[in-house]
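The values are calculated or read from the model by the stated rules, or taken from the named source; none is laboratory data. Computed from a predicted model, the values in this text were never measured in an experiment. Every residue, glycine as well, gets a Cβ built from its backbone with ideal geometry; the counts of neighbours run over all protein chains shown. Each accessible area value is taken on the protein alone, full model and side chains, heavy atoms only, with ligands, DNA and RNA left out. Shrake-Rupley method; radii C 1.70, N 1.55, O 1.52, S 1.80 Å.
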Amino acid sequence: MAQNTVLIFIPDSLDTRLCGYLSGTKRTVKNAEVFYITSDKPSNKAYDPVGYIGLIKECDNLKKDVSLFINSANKQIFLMCEEKYPVTQIIYDFKRFKNSDILYHNAENYGEHFKSLSIDLRKHAHSISENGRHFLTIILLKVILLLNICLNFLSRLNLIVQKSSTFTHFEETLKTMKWFLSTAADQKVVTPKMGNVIIAKSIDIFIGVFLTSYVMQYEDQIFLLVYNTFEGIVSSLKGLLLYLMGSPIGLKLNYGFNNFLGQFFLYHISLWRIFLQGAYPIFVSNFKYFMLPGALGFSYQIAMISDVIAIATFHSYCIYVNAARIFNLQLKCLSSLWRVVIGRKFNPLRNRVDSCQYSHNQLFIGTLSFTILLFLLPTTAMYYVVFSIFRLVTLFIDRLLLGIRNALYNIPVYSIFLWILNTSSVAGNIHITWKSYDEEGNVTIEAKLEKLPFITSIVKFAPDSVSTMTNQRTLRDIFHGTITGTVL
């Protein structure tokens, strides 16, 4: 393919006082021959050099594979070929292009040439810094292997882990450590995302240690507060059930069915109160051991609070599950019996509703059953609505605590610090300026890398999500489940 032009990417900090070979790569892209100079300091020894910089008298003594020569006296460029092509010089900001994390990880968004330049710059930097880091990389890989073993073990206990916010958060921490160490072993540098994780975890641990030491000083007050809280919840729930067993807000409910449901749910509360009274001495005697995970960070304390709330409201959850099951069963029965009343039935083979001729006995039993369930539905619906509200409030608090945990993980302190200092790590906008043009068609342009807008840089350097929650529900799922009596 005939070449129409030549592109040469030259570092703006190229030291013309030194003579030597220039590191880089040479590629043919479409109808252009492109030279990427990836080092701003010439070297006497260069493996597969892309060019040479020196005095014009040294031009004849160069290697045959060197096709680019830069005169150090006047920075004039010569191509070691017989034909002459128009040369376009792109003088790029070497320091920012080399250290830009955004340019490297999103190189495909900057065009073919800048993508190749950023990849070559990162490869060159890695080849220089590789000496002395091999041993550290081996250690990191061994730690990653150990983390994989722990994560595989936790995955086998997934049914247990998913029931506890503390265990779930511990698994997320291991995944974060694995991501951090894998990135460190691969990148060989501390990226802005890694810096955000380091500072966020440091703040998390500092707050956690401070609150743990503070809580240890007031053990007796905390024991009394926990006991009074549990007793208050149990007493309030008993009072609510006794109120519902009467005539709440003037509703005329089925007395026998209402009394049966009320006594059944009161029995749940009594069993739960016995369990709490038996577990309280164990909690008091092992309080320090229960608080140990809190020293790992404030996020662990939030996860422990989620578990405490789940334990404290377990009896109301049991009541909600029973009420939801009964309500859902009644709705399904009423739906099926309604088809009997109007002379239709569901055909599971064709997955549709067909007409059906019922006998007089079938119609009588179907109509009677439909009437009984319909008049019992308000009693069930009352308990279901009340305890569904309790369940929704609990889910809201759990989501709120989960949001706080995620916010602690995504504190962008390091990104803000880099953005204020205008470091090259947060540079991502390429600004191209026309410099000069001569009669032979040679062009000189300048490419600078400017920092991103504040919000964009925060979003770009947010740590990757490592959430292990598999039962996240959307608002639509919650609304549909609440209406149909599906257990949330």
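Taking only the Cα atoms of region 96-249, the radius of gyration and Dmax are 25.6, 82 Å. Positive contributions from Lys and Arg (+1) and negative ones from Asp and Glu (-1), summed over other residues with Cβ under 14 Å from the Cβ of His315, come out at +2. Of the whole protein surface, Met304 contributes about 40 Å² of accessible area at a 1.4 Å probe radius.
From the C-alpha coordinates alone, can you work out the Kirkwood hydrodynamic radius of region 407-488, in Å? Each step should come with its number before you reach the end.
Working: mean 1/r = 0.0572 Å⁻¹.
Result for region 407-488, one decimal place: 17.5 Å.
For Asn429 and Ala407, the FRET efficiency from 1/(1 + (r/R0)^6), where r spans their Cβ atoms and R0 equals 35 Å, is about 0.80. Modelled spin-label separation between Tyr267 and Leu334, with each label point placed 7 Å from Cα along the Cα-to-Cβ direction: 2.6 nm.
Using the beta-carbon distance between Lys163 and Leu475 and R0 = 30 Å, what value does 1/(1 + (r/R0)^6) give for FRET efficiency, to the nearest 0.05?
Working: r = 23 Å, r/R0 = 0.77.
After rounding, the FRET efficiency stands at 0.85.
Residue separation times 0.36 nm, minus the C-alpha to C-alpha distance between Leu251 and Phe454: what's the value? The partial results should precede the final answer.
Working: separation 203, 0.36 × 203 = 73.08 nm, distance 5.78 nm.
Taking Leu251 through Phe454 to full extension adds about 67.3 nm, to one decimal.
A straight Cα-to-Cα reach below 26 Å connects Lys95 with the lysines Lys26, Lys41, Lys45, Lys75, Lys115, Lys123, Lys188, Lys193, Lys435, Lys448, Lys451, Lys460, residues fewer than 8 places away in its own chain not being considered. Taking one quarter of the surface of the C-alpha convex hull of region 327-473 gives a mean projected area of 20.3 nm².
What is the gain in length, in nm to one decimal, between Tyr218 and Gln187 on full extension, counting 0.36 nm per residue of separation less the C-alpha to C-alpha distance?
Details: separation 31, 0.36 × 31 = 11.16 nm, distance 4.61 nm.
That pair, Tyr218 and Gln187, stretches by 6.5 nm at full extension.
Stokes-Einstein diffusion for region 168-289 at 25 °C, viscosity 0.890 mPa s, with a Kirkwood radius from C-alpha pairs, works out to 126 µm²/s.
Considering region 337-420, its Cα convex hull presents a mean projected area of 11.4 nm². D by Stokes-Einstein for region 138-202, Kirkwood Rh over Cα pairs, 37 °C, 0.692 mPa s: 257 µm²/s. Counted over all Cα-Cα pairs of region 238-365, pairs farther apart than 26 Å make up 54 percent.
Spacing of the modelled spin labels on Ser236 and Glu440, each 7 Å from Cα toward Cβ, amounts to 8.6 nm. Extending 7 Å from the Cα toward the beta-carbon at both Arg27 and Asp307 defines two label points whose distance is 5.1 nm.
Go ahead and estimate [θ] at 222 nm for the chain from helices alone: -39,500 (n - 2.57) per DSSP H run with n ≥ 4, summed, over the residue count, rounded to 500. Don't jump to the answer; show the numbers that get you there.
Working: 16 runs with 285 residues, N = 488.
Computed ellipticity for the chain at 222 nm equals -19500 deg cm²/dmol.
For region 208-276, trypsin sites (Lys or Arg not before Pro) meeting the loop criterion (DSSP other than H, G, I, E, B) and having at most 10 other Cβ atoms within 10 Å: Lys252.
Scanning residues 5 or more positions from Arg344 or on other chains, those with amide H under 5 Å from its amide H are Cys356, with H placed 1.01 Å from N in the peptide plane. Calculate, for Phe417 and Lys345, the FRET efficiency according to 1/(1 + (r/R0)^6) with r their C-beta to C-beta distance and R0 45 Å; round to the nearest 0.05. With a Förster radius of 45 Å, E is 0.05. Projected onto its three principal axes, the C-alpha set of region 394-441 covers 76, 22, 10 Å, listed from the longest axis down. What share of the DSSP beta bridges in the chain is antiparallel, in percent to the nearest 5? Rounded to the nearest five, the antiparallel share is 60 percent. Applying Stokes-Einstein at 4 °C and 1.567 mPa s to the Kirkwood radius of the chain, computed over alpha-carbon pairs, gives a translational diffusion coefficient of 44 µm² s⁻¹.
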